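Asks: Structure in structure tokens, see below.
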Amino acid sequence: MKSVILSVSELTGQIKNRLETSFPQVQVKGEISNCKRHGSGHIYLTLKDEGAQIPAVVWKTTASRMAVTLKDGMDVVAEGRLEVYPPSGRYQLICTSITEAGQGALQQAFAELLQKLAKAGYFSTERKRAIPAIPETIGIITSSTGAVIEDMSKVLERRFPAARLLLYPVKVQGAGAAEEVAAGIAWFNTAKKRSNQPDVIIIARGGGSLEDLQAFNGEIVANALYHSRIPVISAIGHETDLTIADMVADLRAGTPSIAAELAVPDCQELLRHISTLQLRQDRLLQAKLEGAERQVYSICSSYAFNRPLLQLEQFHERLNTLAAQMTRRITTLFDQQVEHYASVKQQLTMLDYRKTLERGYVLVKKEGKYMTCTKKLQASDGVELLFHDGVLPAVIIPLKHP
């Protein structure tokens, strides 16, 4: 059988076709070497191990989305497709993603836990609690050393110095870190002293690799956050980092400093708001007072309001008239009575027996009784003669007729 003579291009084309068809998607673990970033934004590197090496390319669009910074000596897992480049007659790996070695298992565990917690409702927005607008006490769970607690303290002091801070120091990475963070959340929730019960909790740490943040990607911290009765703000890593704790917490902050910003109001802005409200209340009160004054003036000027006053004036005038009439009537009656009294007195004076006695008459009294006829008198009877100016005794003597 006569062999087919192929051109270089034809042979390379067949190899390209078979290789790219056989390896449309592969994952390769190796060490980075000869890593160079081109001015166009593409990254060219070599993946190698003890026995072989393979050139690789990361196109600009993929490189801009990667969370890790590639450098020589880094152990990574590259995912992509094999491609033959005919001009140089070599194959290379076109990378669609690159993660540090060991992150693949962590990402798998992260994805599985994410799915489990989502089904259990850990990420439901309905269960998330509102952060108090003006917290009196803030519980902070983070490392007692480092820039995180210092940066947060400065922000809280600047924005709302009235807030009281309680620090629960923990390890933020490594063995036992997750347990310490969960214990801190539980301690704040079960504190018996009111002074140790914060209004809001902040869990925070600085940025790091996926391994560094692993304490906040576990179920222990997720359960503690889910069962916390106190609202929690999560600030783990940088803006681009997203952990399980961030998704379960009531509020996620891009950085610890942002968490401090979100936890408290700006005191200056709060004072300005209070001043605005006070000014608004003063204006509303003044408007109400002016409205009430106009209403009172309107009522006082109305006929219905003034009618009783007019009637009172009429009644007063009528009362004065009646009083004058009564005074005149009483005066007239009094004068009449005085005249009548004088007339009666004059009549009585005329009837007074003493006036009669003054005219020369005498009253005869016997044994205390006035004698009105001679038949009641006998000779030798003792009597009393009453003159107008006194009394004289007398004896009855019979008269001798001539």
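The values are calculated or read from the model by the stated rules, or taken from the named source; none is laboratory data. The structure displayed is predicted, hence computed values, not measured ones. Glycine also receives a Cβ, built like all others from the backbone with ideal geometry; neighbour counts cover every protein chain displayed.
Asks: Within the stretch 233-261, how many residues are in contact with a Lys or Arg (Cβ under 6 Å, 6 or more places away or on another chain) and among the hydroxyl-bearing types (Ser, Thr, Tyr)?
Replies: Of the residues in that region, 1 qualify.
Asks: Has the stretch 323-346 got at least one residue that is in contact with an Asp or Glu (Cβ under 9 Å, 6 or more places away or on another chain) and of a type in the set (D, E, K, R)?
Replies: The answer is no; no qualifying residue exists.
Asks: Still on this model: Only one of these is under 17 Å from Val172 (Cβ atoms) and not in a loop (DSSP other than H, G, I, E, B): Asp212, Asp246, Asp241. Name it. So that I can check it myself, show each step before the final result.
Replies: Values: Asp212 fails: not in a loop (DSSP other than H, G, I, E, B); Asp241 fails: not in a loop (DSSP other than H, G, I, E, B).
Just a single option satisfies the conditions, and that option is Asp246.
Asks: Let me ask another. If you take the residues in the stretch 74-96 that are more than 17 Å from Ser64 (Cα to Cα) and within 60 Å of the chain's Cα centre (by Cα), which one is modelled with the highest pLDDT?
Replies: Per the criteria, the residue is Arg81.
Asks: Going by the structure shown, is Thr12 surrounded by 14 or more Cβ atoms within 10 Å (Cβ to Cβ), of a type outside the set (D, E, K, R), over 60 Å from the mean Cα position of the chain (by Cα) and at pLDDT 85 or above?
Replies: yes
Asks: Scan Asp241, Asp246, Asp250 and give me the residue that is more than 31 Å from the chain's Cα centre (by Cα) and buried (at least 19 other Cβ atoms within 10 Å of the Cβ).
Replies: Asp241
Asks: Given the structure, is Ala222 over 24 Å from Leu270 (Cα atoms), touching a residue at least 60 places away in the same chain (Cβ under 8 Å) and part of a strand (DSSP E or B)?
Replies: So Ala222 fails the test.
Asks: Under 6 Å by Cβ, and 6 or more places apart or on different chains, what pairs join a residue from the stretch 369-385 that is touching a residue at least 12 places away in the same chain (Cβ under 8 Å) and closer than 10 Å to Ile396 by Cβ with one that is among the basic types (Lys, Arg) and not in a helix (DSSP H, G or I)?
Replies: Filtered contacts from the stretch 369-385: Val383/Lys366.
Asks: When you scan the stretch 140-148, do you find a residue that is of a type in the set (A, V, I, L, M, F, W, C) and modelled with pLDDT under 90, even just one?
Replies: Within the stretch 140-148, the first condition is being of a type in the set (A, V, I, L, M, F, W, C), and the residues that meet it are 140-141, 147-148.
Filter again for modelled with pLDDT under 90, leaving 147.
Yes, some residue in the stretch 140-148 is of a type in the set (A, V, I, L, M, F, W, C) and modelled with pLDDT under 90.
Asks: Still on this structure, I have one more. Would you confirm whether any residue within the stretch 177-194 is out of contact with any Cys (no Cβ under 8 Å at 6 or more places or on another chain), among the hydroxyl-bearing types (Ser, Thr, Tyr) and touching a residue at least 24 places away in the same chain (Cβ under 8 Å)?
Replies: Among the residues of the stretch 177-194, not one is out of contact with any Cys (no Cβ under 8 Å at 6 or more places or on another chain), among the hydroxyl-bearing types (Ser, Thr, Tyr) and touching a residue at least 24 places away in the same chain (Cβ under 8 Å), which makes the answer no.
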